[in-house]
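Just so you know, all these numbers are worked out from the coordinates, no wet-lab data involved. Small disclaimer: the values here were computed from a predicted structure and weren't measured. A quick note on method: Cβ atoms are made from the backbone with ideal geometry, for glycine too, and the neighbour counts reach across all protein chains shown.
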Amino acid sequence: MMIPNRIHLLAHSNPLGPDALRFGFADVAEYIAFARAHLPPPLRLTCSMPLMEAVERDRHGGRNDDARRIRDVQAALNDRRTLAIVAASGGAYFTRLLPHLDFGGLRERATPLWALGFSEMTTLVGVVASYSQGRGLYWLCPNWLSSQIKPAEAARAALAEFWRTLPDVIAGRAPSHVQYLHFGPITGELVSGRLRSGTVRLVGGCLAVLTPILAGALGRRLRPDGKWLILEDIKEAPYRLDRHLAALKIAGWLERAAGLLLGDFHMLHEDTQPAVLELLKYHLPANGRTPVVTTRQFGHVWPLVPVPLNRPLALEVRGQTVTIGPRTPAPGHPGT
């Protein structure tokens, strides 16, 4: 059987060039060479250099390479050698590609396919995770490190750590000798509703990116029924957050979700998570039973921890403190 070892890098939201400079690389080619040098064999990094070097023009449609971007993602989805799709950045102009992508090949895979990213990549990660052979990790796009860690030398060291530890992350092992990256479990505070320890599955991501797909086939694919909905966002004023929450309510997601896990919300330097909690009083079912947990461990923040989507996770409640992490397999059981 063919063993997947291809890690495919996307720069389909924000182009790679500006971030490469922030890391202190001379150009995109040097960035790619650095990533390849730190990705342990037998894994191999692939990418489309024209897409890596693309230019974004926000007054002219953002990107003018939609057809090429669609072909690139589709080829990675279809290739049985692809072990993981890693989004270098979040950004914009990716959501419009989703109706043109065919995820059906995931039904026929014999080995798992991983998708890693957050923000604009919310739906890609979530849809991949919705298939039995899909694994979605709502986690940092590696270029996020260039804006969160200074100086550039430290950011490059963190980037090297990302690529070095990626095999452990995919294998579900706790990486050793980690200096910059942060891993679970997720810890938070129960702020409303009632909650008992048990097993949960998480779906969702960036609120503004999630809401456009609620009414279509992709929204039906994500299915919040009986699952916990994770939400976070950046640069959205409270009145816009209210619109997005209303969209979730109109689509029935808030009634069907078993609970809400709120990550970081902020607009410039203003913490808007408290505003979201106030807004939810107008959108959650009136019986007050929906548990709401807050955390600062995922979203557009640093540090942030990987959040596995649509996989069984252990939820432990001690007073108001909630911990979510991998389940411990029973003795003699390989786990899920």
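Within the listed set E120, E232, E108, the Gaussian network model of the chain (springs between alpha-carbon atoms below 10 Å) gives the highest mean-square fluctuation for E108.
With the cut-off at under 19 Å, measuring from each backbone N in segment 90-121 to a point 7 Å along the Cα-to-Cβ line of Q74 picks out 94-109. Note on the chain: helix-only mean residue ellipticity at 222 nm, from DSSP H runs of 4+ residues weighted -39500 (n - 2.57) and normalised by residue number, equals -8500 deg cm²/dmol.
With contacts taken as Cα pairs under 8 Å at a separation of at least 6 residues, segment 236-306 carries a relative contact order of 37 percent.
Tally the DSSP beta bridges in segment 6-171 and give the antiparallel ones as a percent, rounded to 5. Display every interim value, and only then the final one.
Values: 1 of 17 bridges.
The antiparallel fraction comes to roughly 5 percent.
The structure-derived value of Cα extents along the principal axes in Å appears in the list (1) 56, 55, 41; (2) 98, 48, 35; (3) 75, 39, 37 under the label (1).
Each part reduced to its alpha carbon centroid, segment 265-327 and segment 232-262 end up 12 Å apart.
Going by neighbour counts of Cβ atoms within 10 Å, the residues I230, I70 line up, fewest first, as I70, I230. Once R0 is set to 22 Å, what does the formula 1/(1 + (r/R0)^6) return for the Cβ-Cβ distance between E53 and A160, expressed as a FRET efficiency to the nearest 0.05? The value I calculate is 0.50. Ordered by the count of other Cβ atoms within 10 Å of each Cβ, fewest first, M267, M2, M121, M52 give M2, M267, M52, M121.
Its relative contact order, with pairs defined as Cα atoms under 8 Å and 6+ residues apart, puts segment 186-326 at 39 percent. Taking every alpha-carbon pair under 8 Å whose residues sit at least 6 apart, the chain reaches a relative contact order of 17 percent. Between K235 and W302, what FRET efficiency follows from the Cβ-Cβ distance if R0 is 25 Å, with the result rounded to 0.05? My answer for the efficiency is 0.95. Among beta bridges from DSSP that stay inside the chain, the antiparallel ones total about 40%.
Taking C47, C141, C206 in turn, the Gaussian network model of the chain (Cα-Cα springs below 10 Å) assigns the largest fluctuation to C47. Legend: calculated FRET efficiency, R44 to S197, from the Cβ-Cβ distance at R0 = 45 Å, rounded to 0.05, equals 0.60. Averaging Cα coordinates gives a centre for segment 1-71 and one for segment 146-188; these two points are 19 Å apart. Compare R96, R256, R80 in a GNM of the chain, Cα atoms joined below 10 Å, and give the one with the largest fluctuation. Answer for the Gaussian network model of the chain: R96. Remark: the Cα gyration tensor places segment 186-326 in the rounded category, a/c being less than 1.5. How many lysine pairs are close in the chain, with Cα atoms under 25 Å apart and the two 8 or more places apart or on different chains? Close lysine pairs under the 25 Å cut-off: 6.
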